Amino acid sequence: MSVRSLLLGAAALVALAPAASASEYAGWYISGGGGANIHEEEELQFSTGVEGQQDFETGWVGLGALGYKHNGLRIELELAYRTNDMDDTFHQNPASTFAVDGDVTIFSQMVNLGFDIGLTDSMDLVLGIGIGGASVDTEMSFPGFPNTYDGDEYLFAYQAMAGLNVDLTDQLQLFGEYRYFATAQYDLPDQGVPGLYLNDWEPINHSGIIGLRYFFVPVAAPVMVETPAAPPAEPAMAKTYIVFFDFNKSNLTAEAQAVVAEASEAFKAGANVVLVVGHTDTVGSAGYNQKLSERRAASVKAEMVRLGVPSDVITTEGRGFSEPLVPTGPGVKEPQNRRAVIELQ
């Protein structure tokens, strides 16, 4: 597969990815990480017409970025440093191997575009591409020759990436990524090694990276509303409690747990049956939101059972986005529509 095909394919996946992110992270962030990188072998050319190859040892990579995220889309400015020591040089016809001292270091400045696609409540699939520039420093010397290759070129650079994000806290993510990184070709002239030319070198790196991403603004806390029904004439009680959820999530926050605990205590004070109905906002498909509303109702039921309410008196339903608390058009993130309603009778 060509580099152009790889980048076009990554761009297409980013463009076609659904507008959903596992977490409601938004705003400015910083990130940092590191790992190992493999530099693909480079071709050598000799004045005799015979070719050879230069191999490289596994090196390391470190990077940092400043970025902004909105609706699952991230744009960031990234600085990265890669380095690889040179391994043996191979010469063909006659076949021979000889030692070489040297390394290639790459300092890149990239603009990256990434998309976080929700897999679970706390995990995203990450796809992305990046373009920019890189300073490539090549040093190479051979035993027995006094001179060395020593060149520093600034080149166009590009990369494609894929990986996973895992939410750790309301502001901190762990990420792991594979990156394909490459630059434009460059030449180094003859610098004292007879018959050897470095022509059309094109650094290509495969990197495995793990790191952390910190968002400056925490996830917005859900707004809780308790709406008691009008008291009946008879001693029998009827009460309504509303539990709110974060975007695209079904787990209970601390505030939501407090509402469920209050409803559970009210049940123990004299109610007979419980109905829990889950709802969503209008972002995403009807099928996806129906399942999300059912998961929200199930989360509330599980917490009430944990707090001592018998399971057989609780009925759950999911109604997707068909009954919004705040009427909106499609594709609108309305916090008050992301809810589960607890009815006590």
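Here are the numbers:
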quantity	calculated
Out-of-range pairs (alpha-carbon distance over 30 Å; input K239/K333; K69/K301; K239/K291)	K69/K301
FRET efficiency estimate (nearest 0.05) - Cβ-Cβ, D187 to V111, R0 25 angstrom	0.40
Å³ per residue enclosed by the Cα convex hull of the stretch 225-344	91 Å³
Label point distance in nm, F216-D103, each placed 7 Å from Cα along Cα→Cβ	3.4 nm
Residue order, fewest to most surrounding Cβ atoms within 10 angstrom, among V111, V243, V309	V111, V309, V243
Net lengthening on full extension, L73/S285 (0.36 nm per residue, minus Cα-Cα)	74.4 nm
Fewest-first sequence of T120, T138 by Cβ atoms within 10 Å of each Cβ	T120, T138
Relative contact order (percent, whole number), the stretch 225-344, Cα cutoff 8 Å, 6+ residue spacing	36 percent
Relative exposure of H70, H206, judged by other C-beta atoms within 10 Å (fewest first)	H70, H206
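Each reported figure results from applying straightforward, stated rules to the coordinates on display, with no laboratory input. These numbers come from a predicted model, not from an experiment. Quick reminder, even Gly has a Cβ in these numbers, built from the backbone with ideal geometry, and neighbours come from all protein chains shown.
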